[in-house]
Each structure stands twice: as C-alpha cells, then as structure tokens.
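One structure is given below, encoded as structure tokens.
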Amino acid sequence: MRVYSSFEEIDKDLKILKLQTEIDKEEIKLSLDQTRESLSAKSIIGSGFGAVFQKLLALKAISKIMGVKNTDHGYIHK
C-alpha cells in the first residue's frame, strides 16, 4: 500500500487511474468492434459458403472414385 505525503500526490495518482480506466474502456470497445466485424453476417455467410463448397468438391471427388453417377432420381451406381 502506498503512503501519500500530500493531496497533490493523491490527485496525480487519481488522474493517472482515471486515464488508465479510459484507455481500458477504449481497448474493450475496439475488441468488441473487431469481434462484431469478424462475426458479421457477411463473413459467416462467406465462411459457410466456403465450407459447403469444400464439401461439394469432396463429394464430387468421392463420387468419381466410387464410380457413382448422378441421375434425375438421385445417385446410382454404374
């Protein structure tokens, strides 16, 4: 625990603490904004589309390997 010898020292430390609190609040705001941006619908849709596209490519590759062909009624073996 710090021992103060004057009110000026106390005031100085209080000002410093107030500024540190403001800086911390701004850092939290920035982090929240960055999190919102990363979780925006646009990025979620984009990453979702990418995942679906990867699965479709994998399914197509597996179909070729397994000798499965697409018909109007679904998938059947050759």
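Quick notes on this structure:
- Out of LYS29, LYS42, LYS18, sole residue that is in a helix (DSSP H, G or I) and at pLDDT 95 or above: LYS18
- Just one of the listed residues (ILE10, ILE23) is modelled with pLDDT of 70 or more, in contact with a Phe, Trp or Tyr (Cβ under 6 Å, 6 or more places away or on another chain) and part of a helix (DSSP H, G or I), namely ILE10.
The values are calculated or read from the model by the stated rules, or taken from the named source; none is laboratory data. As the structure is a prediction and not an experimental result, all values here were calculated from the model. No Cβ is skipped: glycine too gets one built from the backbone with ideal geometry, and neighbour counts run over all protein chains shown.
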